[in-house]
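Please read the structure below before turning to the comments.
Laboratory data are not the source of any read-out in this text; all were calculated from the coordinates shown. Keep in mind it's a predicted model, so treat the numbers as computed, not measured. With ideal geometry, Cβ positions are generated from the backbone for all residues, glycine too; neighbour counts draw on all protein chains shown.
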Amino acid sequence: MNTILIGQQHYHWEVKIFAWLDAIECTIYNSVNAQQCLVIIQSGTDKLLSSPQKVKEWINFALNENWHIETRVYRLSEINGQNRMVRLQNSLAEEAKVVAALSKKFNRSTNGLEKSNLKYNLTNLEAKIGLTLPSVIKQLYLELGNGDFGPDYGFFLLEEAAENKKITLGQAYKELHQAKIKDWDWELSKSLLPFLYWGADIYSLVDCGDPNGAVYVLDKNLKDENTTWQSCVWKHCGSILDWLKKWSEGDVSGRSLWLEMYQLRGLL
């Protein structure tokens, strides 16, 4: 087991590779109290990226950020040659656990060849819309397949399918952001990606600009001459993972999510 001494405390760590996400996750524990846990996510699949020197740097950084008896998750990224630590709510391992539960619930899974094709399409989608999808969305498609799962009309397809006439994520994004959903002092953020269609002009959207992927609702039916477009959009969940957990724990129809959406809006 990898161990390191910082001050009077011993820490050990383990590294898990998420090859389909091109990422590794280094999980660091206090050897005496495992509740003090630090998770570092970074790009690449080489375990040597989590060297003892790097682990020491991350521990010192977290301690300076008042890390105590708790779990802290950070994503390490490089911007203009400078390393940046962005704090997240959940680890890749936690996301994978929820996705596995959904895979089991719907009896859907993919093989290596399918995952390769899905990964290719995910990369193309990000390049096309200029956004980075939340990692749990990627894990969901990689594990369950080309969309068409989820409550009501379900998740949009990742790629067009001859046997399925539903539209893709890219098409949904383009259509929504060309629809001029804006007021004189507000417009729908370009970082919002519609991922699920409830029917009747109602969408769930994920904020790709939010590190945790907050989920919003857009109900076009609420727009009339006396209302603004901004009032037709509201926050549903603080993270897409929270949304997926609720779907995983609820019934297949997503009725509990639907009721919660409109209770939050004050319409139920």
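So the values come out like this:
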quantity: Cα-Cα over 19 Å, subset of Lys223/Lys246; Lys105/Lys246; Lys165/Lys220; calculated: Lys223/Lys246; Lys165/Lys220
quantity: Reduced Cα scattering model of region 2-88, Debye log10 I(q)/I(0), q = 0.14, 0.15 Å⁻¹; calculated: -0.45, -0.52
quantity: Residue order, fewest to most beta carbons within 10 Å, for Trp229, Trp243; calculated: Trp229, Trp243
quantity: Geometric extent, Cα atoms of region 16-63 - Rg, Dmax (angstrom); calculated: 11.2, 33
quantity: Separation of the Lys190 and Asp152 label points, Cα + 7 Å toward Cβ, nm; calculated: 2.8
quantity: Rounded to 5, percent antiparallel among DSSP beta bridges of the chain; calculated: 85
quantity: Added length on full extension, which subtracts the Cα-Cα distance from 0.36 nm per residue, Ala179 to Asn83; calculated: 30.8 nm
quantity: Sorted by Cβ neighbour density within 10 Å, fewest at the top, the residues His68, His236; calculated: His68, His236
quantity: Net length gained if the chain between Lys97 and Asp22 were fully extended (0.36 nm per residue, minus Cα distance); calculated: 25.2 nm
quantity: Set of region 21-44 residues, backbone N closer than 13 Å to the point 7 Å along the Cα-Cβ line of Glu126; calculated: 21-24, 42-44
quantity: Size of region 165-268 as Cα extents on the principal axes (Å, biggest first); calculated: 40, 32, 31
quantity: The chain: most fluctuating residue of Ala172, Ala162, Ala62 per GNM, C-alpha cutoff 10 Å; calculated: Ala162
quantity: Exposure proxy ranking, count of Cβ atoms within 10 Å, fewest first, for Arg265, Arg108, Arg72; calculated: Arg108, Arg265, Arg72
quantity: Computed over the chain: relative contact order in percent, which uses C-alpha pairs under 8 Å that are six or more apart; calculated: 11
quantity: Proximal charge balance of Arg265 [Cβ under 12 Å; K/R count +1, D/E count -1]; calculated: -1
quantity: Distant-in-sequence amide H partners of Asn2 (H built 1.01 Å from N, under 5 Å); calculated: Trp13
quantity: Fraction of the pair-distance distribution of region 95-231 above 19 Å, Cα-Cα pairs, percent; calculated: 52
quantity: Nearest 10 degrees, 0 to 90: helix 255-264 Cα axis against the chain principal axis; calculated: 80
quantity: Per-peptide average of other Cβ atoms within 10 Å, ordering 193-201, 119-127 highest first; calculated: 193-201, 119-127
quantity: Spatial extent of region 29-145: Rg and Dmax, with the Cα atoms as the point set, Å; calculated: 16.7, 48
quantity: Centre separation in Å (Cα based) which lies between region 109-160 and region 36-92; calculated: 27
quantity: Answer label, with percent of Cα pairs over 23 Å apart calculated from the coordinates and candidates (1) 57; (2) 54; (3) 61; calculated: (1)
quantity: Nitroxide proxy distance, nm - points 7 Å out along Cα→Cβ at His12 and Asn60; calculated: 2.5
